[in-house]
Each structure stands twice: as C-alpha cells, then as structure tokens.
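Everything on this sheet refers to the single structure shown next.
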Amino acid sequence: MMNATVEQQYDALKKRMERATSKVGRRVEEIHVIAVTKYVSIQTANEAIKAGISHIGENRLEGLLEKKAVIGDGATWHFIGSLQSRKAKDVIGHISVLHSLDRLSLAKEVQKRLVEREKTLDCFVQVNVSGETSKSGLAPEEVDSFIMALAEYDRIRVIGLMTMAPYAENAEETRPHFKALKQLQQRIADKEYVHAPCTELSMGMSNDFEVAVEEGATYIRIGTILVGNEQVSE
Ligand SMILES: *Cc1c(COP(=O)(O)O)cnc(C)c1O
C-alpha cells in the first residue's frame, strides 16, 4: 500500500531537485521528470498526469500500449527499456523519445520503420559507463564511432546519452559514472554533428537522481519514489 499520493510525492521530489540544483547553480526547469510507470497501474499513471507530470516512461511494449490507450496524447511517451529489433515496428509509432539505442542493427530497423511512417525520432544512445555486465549499452570507447555511423540513418536524431548507474546503497558512489557520461556527452556535442546535437543527458533514478542532477542530468527517470512500485508492498 502506498501512503502518500503521487501529487505529494511529486512535491517532495521537486523539493529535493530544488536543493540539488541550487547546490550547483542549476535551475529545476532545466530538468525533465519522466514518471516511470512500469510497476504501476493505469490509474496511478493517470494520477501522475493529474499531478502535472507530462513525461511518462515505460520499458515494455505491452505497458506502453496499455497506458497510452487511456492517456493518449496527454503525455510525452518515452521508451526506456532495451528494445528488441522485432518490437521496434510496434514501439516506434507510439513514442516521442527512445532512450535505449545501443546497436546499429536496431538503428537500421528503427530507421526503416520511421521511413514508413514519415517520421523522425529523438533518441538517446545508451552507454554502459560502469562496465557492469548485467547492464546494456555501449562501452564508452565505442560511442564516438557508433554516433558517426548513425549519420547514415537520417530519421534518427541523437539528442543525448543515457545511462543506468549500478545500484549503490550510498548514492555518492554513482557520481563518477554520471561525471563520465557528462564528459562523453560534451565531447560529442562539441563536434556539432547535424544528426547528433547530443545536448541532453538521461540519467538518475529514484536512488541516485540528486547526484545525477548535480552532474548535469536533463532528464531523470523516476519510478519508485514518485509513482511507487506496486509489485513490492510497503
Ligand atoms: C525502472 C527504471 C527506472 C526507474 O527506476 P526507479 O528506481 O524505480 O526510480 C529508470 N530507468 C530505467 C531504464 C528503468 O528501467
């Protein structure tokens, strides 16, 4: 059972974002909050919308379709999970942002589906900064050449880099990973690729978003502390 409402949890989150941004001279408005609704019901996702959150993140096609059927264009839809190439066809038509572009075979499939739909898509390239084997994403040293190769897929716009830091009891331990992603993002942005402005950073989750915000996150992906996790009752 959740005690606090989504609205109350959003207020608490904003206060914590306020503190984290003011520590480093940033503004809360620079950061987009994505409510990750993968663990919760359509009803709870709707509460997030009512609370004023406009970005929703899902990591599975089924969850995306289920919630989008009800909420529709009342939100901007983000796909944050690993995407199997065979599912790209179905996902692409329903999202505004893909956070998990991590291989050329996927880029090729995404491009093909975008051409069919006469669409372009904002994408994050996912990077496995920590090197943890359980995490998906490119190794940092692969990112430059991967992004150069994406120039061939003109429907894909690389707006930034995304990472998931390893879970750490003490969030401070995630800082080097976020710093490394920021450096990599800046280096690519400096190249001013037309297809890859790469100005954004998707990093920070319930457990570590304050550190991510301090290190330059522009999109944070928040599930548990915002909309809850109905799979584990508290
Ligand atoms: C589940 C998930 C999140 C949100 O996780 P919380 O710890 O519940 O905030 C963020 N990003 C990705 C990629 C996820 O899969």
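The values are calculated or read from the model by the stated rules, or taken from the named source; none is laboratory data. The model shown is predicted, which means the values in this text are computed figures rather than measured ones. Note that we place each Cβ from the backbone using ideal geometry, even for glycine, and neighbour counts take in every protein chain shown. Only protein heavy atoms, including side chains, enter the accessible area calculation; ligands, DNA and RNA are left aside. Shrake-Rupley method; radii C 1.70, N 1.55, O 1.52, S 1.80 Å.
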Paramagnetic reach from VAL28 in segment 45-79 [backbone N under 12 Å; point 7 Å along Cα→Cβ]
none
XL table LYS135/LYS179; LYS68/LYS108; LYS23/LYS182; LYS14/LYS50; Cα-Cα > 20 Å flagged, in table order, is LYS68/LYS108
With +1 on each Lys and Arg Cβ and -1 on each Asp and Glu Cβ, how big is the dipole of the chain about its Cα centre, in debye rounded to the nearest 20?
400 debye
Run the helix sum for the chain: -39,500 (n - 2.57) per DSSP H stretch of 4+ residues, divided by residue count, reported at 222 nm to the nearest 500 deg cm²/dmol.
-11500 deg cm²/dmol
Compute log10 of I(q)/I(0) for segment 55-156 with the Debye formula, placing one identical point scatterer on every Cα and leaving out solvent, at q = 0.21 Å⁻¹, to two decimals.
-1.10
May I ask you to work out the translational diffusion coefficient for segment 162-222 at 4 °C, viscosity 1.567 mPa s, via Stokes-Einstein with Rh from the Kirkwood sum over Cα pairs, reported in whole µm²/s?
111 µm²/s
Distance in Å, no decimals, from the C-alpha centre of segment 35-73 to the one of segment 135-160 is 28 Å
Accessible surface ranking that places the most exposed of ASP190, ASP208, ASP122 first, with a 1.4 angstrom probe:
ASP190, ASP122, ASP208
Residue list for segment 99-139, given a label point 7 angstrom along the Cα-to-Cβ vector of GLU152 and an amide N cut-off under 16 Å
102-113
In nanometres, the difference between 0.36 nm per residue of separation and the alpha-carbon distance of HIS94 and VAL194 is 33.5 nm
So how many Å³ per residue does the convex hull of the Cα atoms of the chain work out to?
122 Å³
The Cα extents of segment 155-194 along the principal axes, largest first and rounded to whole Å, are 40, 20, 8
